[in-house]
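Only the coordinates and a few stated rules stand behind these numbers; no lab work does. Worth saying up front: this structure is predicted, and the values here are computed from it rather than measured. Here the Cβ positions follow ideal geometry from the backbone for every residue, glycine too, while neighbour counts run over all protein chains shown.
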Ligand code: UDX
């Protein structure tokens, strides 16, 4: 009986908190674990420590049902669960392209020391291919249950902003297992998801690890491809917006992840492609993914080109220019500012001498903390008041819905740079605005 499983979720960041709450919603007894006592206290009190639509409501329900609890003790987790999900972060290592696996290793070793009976540990974190094999040895060496503890890999593909839906209704589940027993356990745990028609791919752990980095590498490549085309469009007078629409109508290409602009940021794509290059070098196949270096380069260049475009729009010099920056989060529906193109551009404009006023619907507290030199306002209209240039950096729907005629009445000069190809140029031009976007004439 699948529902008899007691699950632990180790690491309660974007991924782990969502996973823990969703597993409780599916009917399991779940224990969420984190080394951060403050985070655990907040979650136990029903507060999600980050912005994720739908998650607070689902957390409240799970806590009320008594099926979800939180702890800082991995010993308690080892004792409680028979399936343990590892959801701790794998950030980029300082001064290197490599992934920092210290959190994963520390969590796994501490957990394994407490495992006295047969258990399944399931890695969900994004890791370099080959990590599971190495972790298995570490785990067997320290666990009192020895080989009776198994490690499987089940990569997580959820997007921030759609985390609940992506967890409940994923495009696919990938089970990287070393035994039929582990496969059966995973099939039981995910039965409610699989029964809704989600395809399952069963493979070995190294392939499962690689699916995740290969997918993110592909997505990053798609975005940089269209941003490279934007550069060609600019040099030739072509329009990347129409180009992307036409390319996307080819079913083999598809229109998603083909939106030109400022490029990708966040806690995943940038560090994942770098860690992938680093790992491929170690494996002696660096040449095979060397193009990801270009993908990264095109992405960084999009941010620089955006700064140039704003300078151009401001008349060639940014000193003393008042800029209204709409958006700080790395994408809409998130308060995540990790490697956010928006804040990267805003601070580059500031360094070039502009006075930059930032507004974001949910990422203000994070932005203020990380970028204290920028100035902040209470609304789009507030920051735009007296602005020489308005810059759209994160395509929140509330920015898309701004009435250009109304905004025009508060700015000093009606000039807008659309960093996300999110606005209709004809509408803004009709309201008297000078409209500019990367890759458009
Ligand atoms: C990504 C992957 O999509 C997800 O499967 C993985 O699990 C984690 O990494 P996420 O980081 O939440 O998810 O964001 P995503 O929606 O993929 O967007 C990434 C970045 O690409 C954002 O900065 C977004 O603005 C940018 N982007 C996306 C574009 O610039 N153009 C596009 O067409 C699409």
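If I model a spin label as a point 7 Å beyond the Cα along the Cα-Cβ vector, how far apart are those points for residue 378 and residue 255 in nm?
For the pair residue 378/residue 255, the computed spacing is 3.9 nm.
Calculate the FRET efficiency for residue 109 and residue 319 from the Cβ-Cβ distance with a Förster distance of 60 Å, rounded to the nearest 0.05.
According to the calculation, E is roughly 0.65.
Can you give me the distance in nm between label points at residue 285 and residue 410, each placed 7 Å from the Cα along the Cα-to-Cβ direction?
Output for this residue pair reads 5.3 nm.
In Å, what is the Rg of the alpha-carbon atoms in the stretch 5-131, and how long is Dmax?
Considering the stretch 5-131 through its Cα atoms, Rg and Dmax are 14.3, 45 Å.
Would you order 116, 278 from fewest to most other beta-carbon atoms within 10 Å of each residue's own beta-carbon?
Working: 116 13, 278 19.
Arranged by neighbour count, lowest to highest, 116, 278 become 116, 278.
Among DSSP beta bridges whose residues both lie in the stretch 47-188, state the antiparallel percentage, nearest 5. Intermediate values should be presented prior to the final figure.
Details: 2 of 11 bridges.
Antiparallel bridges make up about 20 percent of those DSSP assigns within the stretch 47-188.
Tell me, 298, 273 in order of fewest to most beta-carbon neighbours within 10 Å?
298, 273
Could you give the radius of gyration (one decimal) and Dmax (whole number) of the Cα atoms in the stretch 349-428, in Å?
Rg, Dmax (Cα atoms, Å): 12.4, 37.
Report for the chain the percent antiparallel among DSSP-assigned beta bridges with both residues inside it, nearest 5.
5
Would you mind putting 386-392, 210-216, 196-202 in packing order, based on average other-beta-carbon counts within 10 Å, highest first?
On the way: 386-392: 24.6, 210-216: 20.4, 196-202: 12.0.
Descending mean neighbour count gives 386-392, 210-216, 196-202.
Compute the angle between helix 102-113 and the longest alpha-carbon principal axis of the chain, please, reported from 0 to 90 degrees and rounded to the nearest 10.
So the helix axis and the longest Cα principal axis differ by about 20 degrees.
Test of understanding: what is the full-extension gain from residue 365 to residue 247, defined as 0.36 nm times their sequence separation minus their Cα-Cα distance?
Gain on extension, residue 365 to residue 247, equals 38.6 nm.
Suppose R0 equals 41 Å; then what is the FRET efficiency for residue 236 and residue 204 from their Cβ-Cβ distance, rounded to the nearest 0.05?
0.30
Regarding the chain, what's the average projected area of the Cα-atom convex hull, expressed in nm²?
Values: hull surface 87.6 nm².
If you wrap the Cα atoms of the chain in a convex hull and average its projections, you get 21.9 nm².
Let me know the shape class of the stretch 292-361, please: from the alpha-carbon gyration tensor, a ≥ b ≥ c as square roots of the eigenvalues, rounded when a/c is under 1.5, otherwise prolate if a/b is greater than b/c, or oblate.
oblate
When N counts the residues of the stretch 250-331, how does its alpha-carbon radius of gyration compare numerically with 2.2 N^0.38 Å, as a ratio?
Output field value: 1.44.
What number, in percent, do you get for the relative contact order of the stretch 198-295 if the mean sequence gap of Cα pairs under 8 Å and at least 6 apart is divided by its residue count? Please report the intermediate quantities before stating the final value.
On the way: 77 pairs, mean separation 29.1, N = 98.
In percent, rounded to a whole number, it is 30.
Relative to the first principal axis of the alpha-carbon coordinates of the chain, what is the inclination of helix 180-189, with its axis defined by its Cα atoms, in degrees from 0 to 90 and to the nearest 10?
60
Which of rounded, prolate or oblate describes the stretch 104-223 when judged by the alpha-carbon gyration tensor and an a/c cut-off of 1.5?
prolate
So how much slack lies between residue 162 and residue 424, counting 0.36 nm per residue of separation and subtracting their Cα-Cα distance, in nm?
91.8 nm
Can you tell me the orientation of helix 131-142 relative to the chain, as the angle in degrees between its alpha-carbon axis and the longest Cα principal axis, to the nearest 10?
Result, in degrees: 40.
Would you mind ranking 181, 153 by Cβ crowding within 10 Å, fewest neighbours first?
181, 153
Sticking with the crude label model, points 7 Å out along Cα→Cβ, report the distance from residue 178 to residue 65 in nm, one decimal please.
3.3
Could you give the length gained on full extension between residue 191 and residue 100, defined as 0.36 nm per residue of separation minus the Cα-Cα distance, in nm? Kindly include the intermediate steps, with their values, before the conclusion.
Values: separation 91, 0.36 × 91 = 32.76 nm, distance 3.26 nm.
That pair, residue 191 and residue 100, stretches by 29.5 nm at full extension.
Run lengths n ≥ 4 of DSSP H only: what is the helix-derived mean residue ellipticity at 222 nm for the chain, with -39500 (n - 2.57) per run over all residues, to the nearest 500?
So the helix-based figure for the chain works out to -13500 deg cm²/dmol.
Arrange the peptides 338-344, 77-83, 48-54 so that the one whose residues have, on average, the most other Cβ atoms within 10 Å appears first.
Ranked from most to least packed, the peptides come out as 338-344, 77-83, 48-54.
With just the Cα atoms of the stretch 181-327, tell me how far they stretch along each of the three principal axes, in Å, largest first.
Extents along the principal axes: 67, 38, 31 Å.
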